[in-house]
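Nothing in this text is a laboratory measurement; each read-out follows from the coordinates by a stated rule. Since we're looking at a predicted model, the values are computed, not measured. Backbone-built Cβ (ideal geometry, glycine too); neighbour counts: all protein chains shown.
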Amino acid sequence: MSDEEEEPAVTLGERTAVDGAPLARVSSRLTWPKEKSEVDRLEGDSVVRTPDGPQELSEILADVDETYFERYQEFETHVRDVIGTGPVETADE
């Protein structure tokens, strides 16, 4: 493979927009451990990608029973228990 090749080695598909941020991006902006109320205060207005479409983190946290998260993995597990897992919808253009 030379540096002068015009085409990429792998053909990429078209970019498809997705509304909201991945949950991992939101949790990476915080330091842990953290109380649920503090997560809500700092990131509650963040919009998270879910299989049912984008949702504000505050709405999701209202359905989470845990009030304290030792690690980000624990936080993400509780949030995923509420929002579920699976493919996310693409944005309407």
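Points to keep in mind about this one:
- Within the chain, longest stretch free of exposed trypsin sites (Lys or Arg not before Pro) [DSSP loop, at most 15 other beta carbons within 10 Å]: 30-70
- Close amide-amide hydrogen proximity is noted between Glu56 and Val48, each under 5 Å apart and 5 or more residues distant or on a separate chain (H modeled in the peptide plane; Pro and chain starts excluded).
- Footprinting exposure proxy for Leu42, Leu61 (fewest neighbouring C-beta atoms within 10 Å first): Leu42, Leu61
- Between helix 72-83 and the chain: long-axis angle, C-alpha atoms, 0 to 90°, nearest 10: 90
- Given (i) 147; (ii) 222; (iii) 77, the label whose value is volume of the Cα convex hull per residue in Å³ derived from this model: (i)
- Computed over the chain: relative contact order in percent, which uses C-alpha pairs under 8 Å that are six or more apart: 33
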